[in-house]
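The values are calculated or read from the model by the stated rules, or taken from the named source; none is laboratory data. All values derive from a computational prediction rather than experimental measurement. Cβ coordinates were reconstructed from backbone atoms using ideal geometry, including for glycine residues, and neighbour counts include every protein chain displayed.
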Amino acid sequence: AKANGKNNFQFFTAEMDEKALKRRALESELRLAIEKQQFIVHYQAIFDTEKNHIYASEALVRWQHPEKGLLSPFHFIELAEELGLIADIGEFVLNTACDCAASWHKSFDNAPSISVNISSMQFQRDGFLESIENALNKSGLPAEKLILEITESVFIENDQKTITQLTKLADSGIKIAIDDFGTGYSSLSYLKKFPVNKLKIDRSFISDIEHNHENQALTKAIIAMGQSLKLEVIAEGVETRDQMQWLKDSECALIQGYWFAKPSDHEDFKTLLFKHNLR
Ligand code: C2E
Ligand code: CA
Ligand code: CA
Ligand code: CA
């Protein structure tokens, strides 16, 4: 039994070494990726089922890896946060997305807003407000057309700075959405304390919404709260017609998910706009 234990232990360390090595390799690849600008932005529609047009578009980063192909954020966002690289990637996404959205505004009079994910680290970083201002000025996108998606974790840290920043953003016309709403553990009091405009109901509530009575109750409660606090509510991860219909019947008209469209590159997204937003 002893020998066996020893073997297990050796196996365990070998595995750990391999994990550490892989991580270190990914780390240097990630640093190089920033230098070589290997990131691209995909766009996913947020559809308004009442007005029948694309209401907004979420910018989602992808890593065009030289060998591994197109990598989703799942493979690198966490590491980028740990290494402090997320703000650099985030800035690229912000600028690219604003440029792209500004170009839609030249072609469509009901062009969608652009929604950009902001990690708490990026939000807390010095110079964050300036980087937003820059992206708007360079692109010419109206501030009212920019939505920043933040998670509840932003409200846990640095209360005063968060209030000041969010107030400045709100004063300039920028909209704030709470991403993955319902999954954080923070109290809801921040909703009246901070200038927030939109709630995005997390996919985990929507994936079985046709059958799961608890998720139905929670989703209805979020929709009702949105109505009374005058917050727009968006359901994410809508994959089926039944889910879309359930949400529409429950007065949640704004939906995002594979049922309407998967994330796509800017050209395919523009084709989608021509189909739905040309009046
Ligand atoms: P998220 O903000 O919750 O974004 C929604 C994710 O759900 C996206 O995954 C999207 O492709 C996926 N999705 C959309 N509709 C459906 C659906 O109907 N079914 C299913 N199963 N999935 C759906 P993605 O693009 O892999 O992004 C994952 C996460 O990475 C995002 O989750 C967000 O937290 C983060 N992320 C993406 N881009 C950025 C970025 O530029 N900056 C930061 N800080 N985070 C980002
Ligand atoms: Ca998001
Ligand atoms: Ca989300
Ligand atoms: Ca989510």
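Filtered by the rule that a residue be among the small types (G, A, S), within 18 Å of K51 (Cβ to Cβ) and without any contact (Cβ under 8 Å) to a residue 60 or more places away in the chain, the range 214-253 gives G226, A235, S250. Is it fair to say I114 is closer than 19 Å to G182 by Cβ and within 13 Å of ligand 2 (Cβ to nearest atom)? The answer is no for I114.
Can you tell me which residue within the range 96-126, out of those that are within 15 Å of the chain's Cα centre (by Cα) and more than 10 Å from ligand 1 (Cβ to nearest atom), is farthest from L146 (Cα to Cα)? Across the range 96-126, the extreme among qualifying residues is C98.
Residue-wise test of (1) free of Cβ contacts under 8 Å to residues at least 12 places away in the same chain; (2) within 16 Å of ligand 4 (Cβ to nearest atom); (3) surrounded by fewer than 20 Cβ atoms within 10 Å (Cβ to Cβ).
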{"site": "L146", "(1), (2), (3)": "no, no, no"}
{"site": "T151", "(1), (2), (3)": "no, yes, no"}
{"site": "D159", "(1), (2), (3)": "yes, no, yes"}
{"site": "D171", "(1), (2), (3)": "yes, no, yes"}
{"site": "D180", "(1), (2), (3)": "no, yes, yes"}
{"site": "I201", "(1), (2), (3)": "no, yes, no"}
{"site": "N212", "(1), (2), (3)": "yes, no, yes"}
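Filtered by the rule that a residue be more than 13 Å from ligand 1 (Cβ to nearest atom), modelled with pLDDT of 95 or more and of a type in the set (A, V, I, L, M, F, W, C), the range 144-165 gives a lone residue, L146. Taken over the range 183-207, the criterion of being within 15 Å of ligand 2 (Cβ to nearest atom) and under 16 Å from L229 (Cα atoms) is satisfied by V196, N197, K198, L199, K200, I201. Of the residues making up the range 202-213, those that are assigned to a helix (DSSP H, G or I) and under 20 Å from E50 (Cα atoms) number 1. Looking only at the range 8-61, count how many residues are of a type in the set (K, R), closer than 18 Å to I77 by Cβ and either part of a loop (DSSP other than H, G, I, E, B) or in contact (Cβ under 8 Å) with a residue 40 or more places away in the chain (or both). Adding up the residues that qualify gives 2. For the range 223-258, the candidate set comprises residues that are surrounded by fewer than 20 Cβ atoms within 10 Å (Cβ to Cβ) and within 16 Å of ligand 4 (Cβ to nearest atom); within that set, the residue that is farthest from S113 (Cα to Cα) is E239. Considering L272, L188, L199, the condition of being among the aliphatic types (A, V, I, L, M), assigned to a helix (DSSP H, G or I) and under 22 Å from the mean Cα position of the chain (by Cα) is satisfied by L272 alone.
Can you tell me which residue among N52, N4 is at pLDDT 95 or above and over 22 Å from C98 (Cβ atoms)? Within the list N52, N4, the selection yields N52. Give the residue that is surrounded by the fewest Cβ atoms within 10 Å (Cβ to Cβ), with candidates limited to residues of the range 182-199 that are away from ligand 3 (no atom under 16 Å from the Cβ) and basic (K, R). So, considering only residues that are away from ligand 3 (no atom under 16 Å from the Cβ) and basic (K, R), the one surrounded by the fewest Cβ atoms within 10 Å (Cβ to Cβ) is K192. Scanning the range 121-163 for residues that are under 27 Å from H266 (Cβ atoms), in a helix (DSSP H, G or I) and of a type outside the set (A, V, I, L, M) yields Q122, F123, F128, E130, S131, E133, N134, N137, K138, S139, E144, K145. Under the condition of being over 18 Å from D179 (Cβ atoms) and of a type in the set (V, I, T), which residue from the range 208-240 is nearest to ligand 2 (Cβ to nearest atom)? If we take residues in the range 208-240 being over 18 Å from D179 (Cβ atoms) and of a type in the set (V, I, T), then I209 is nearest to ligand 2 (Cβ to nearest atom). Inspect all residues belonging to the range 87-103 and state whether any of them is touching a residue at least 60 places away in the same chain (Cβ under 8 Å), in a strand (DSSP E or B) and either within 16 Å of ligand 3 (Cβ to nearest atom) or buried (at least 19 other Cβ atoms within 10 Å of the Cβ) (or both). No, the range 87-103 contains no residue that is touching a residue at least 60 places away in the same chain (Cβ under 8 Å), in a strand (DSSP E or B) and either within 16 Å of ligand 3 (Cβ to nearest atom) or buried (at least 19 other Cβ atoms within 10 Å of the Cβ) (or both).
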